[in-house]
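This report refers to the structure that appears directly beneath it.
The values are calculated or read from the model by the stated rules, or taken from the named source; none is laboratory data. Source: prediction; values computed, not measured. We place every Cβ from the backbone using ideal geometry, glycine too, and count neighbours over all the protein chains shown.
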Amino acid sequence: MIGFIKGIITEILEDQVILENQGVGFVVYISQNTKNIIEKRTDEIKLFTHLHVREDDISLFGFFNIEEKRMFLNLISISGIGPKAAILILSGMPLNQLALAIVSEDIKSLSKIKGVGKKTAERLVLELKEIISKQHSLVSLISPVENQSDLTDAVEALCGLGISRSEAVLAVKNSYEHSNSLEELVINSLKSLNQ
């Protein structure tokens, strides 16, 4: 298995990059998110990789960070989602938004991703919700704000009122930017649930 490749980009195509390492050009499939990060780079880059072998094909998939690779591996573990479909899903929205959509059971947002229908979105939630919840801190999915304890406390307060965790996470996500305190965050989250 190839864990990562360091090299210089010689060419970027729509969903691939050719990465030169020691005189060898590796064709690596990438997501739109990785492409956006690396396309202006002229220095040596490092891509975490996954080598996918089938009887009629050997393909290399690359990721700018290990979190994206982990999500890719989660996606291809689902029956019916192959590596190219996983790359399309990763290209559909930023990684944290994708993880939050799965954890919060946001079927509507997931269904908007190219190649993902309602049934596939439901399967993503069913099979990955618990796994992703364990891999990511809930508050890191909402926002990288400094006072993350307020976000966690707000979600827990809403859950204590009988609101499902997925609804609580979405409500807090939609309200935290407009709130200056924990109390205000809980109140604004409750208001967003009633709209």
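Here are some notes:
- Residues considered: 60, 75, 47, 13. Of these, the only one that is of a type in the set (A, V, I, L, M, F, W, C), more than 17 Å from the chain's Cα centre (by Cα) and surrounded by 13 or more Cβ atoms within 10 Å (Cβ to Cβ) is 60.
- Checking each residue in region 167-176 for being in contact with a helix residue (DSSP H, G or I) (Cβ under 7 Å, 6 or more places away or on another chain) and either among the small types (Gly, Ala, Ser) or closer than 19 Å to residue 102 by Cβ (or both) picks out 167, 168, 169, 171, 172, 173, 174, 175.
- Segments classed as helices (runs of 4 or more DSSP H), wholly inside region 126-195, with at least 1 members that are at pLDDT 80 or above: 148-160, 165-175, 182-193
- Meets criteria (outside the structural domain of residue 93 (by TED's automatic domain parsing), surrounded by 14 or more Cβ atoms within 10 Å (Cβ to Cβ) and either farther than 23 Å from residue 73 by Cβ or in contact (Cβ under 8 Å) with a residue 12 or more places away in the chain (or both)) for residue 42: no
- Of all residue pairs spaced 6 or more apart or on separate chains, those with beta-carbon atoms under 8 Å, a first member in region 52-80 that is within 16 Å of residue 132 (Cα to Cα) and a second member that is of a type in the set (Val, Ile, Thr) and surrounded by 17 or more Cβ atoms within 10 Å (Cβ to Cβ) are 68/34; 69/49; 71/132; 72/87; 74/132; 75/81; 75/89.
- Summed over region 7-31, the residues that are in contact with a Leu (Cβ under 8 Å, 6 or more places away or on another chain) and either assigned by TED's automatic domain parsing to the domain that holds residue 113 or of a type outside the set (A, V, I, L, M) (or both) give a count of 6.
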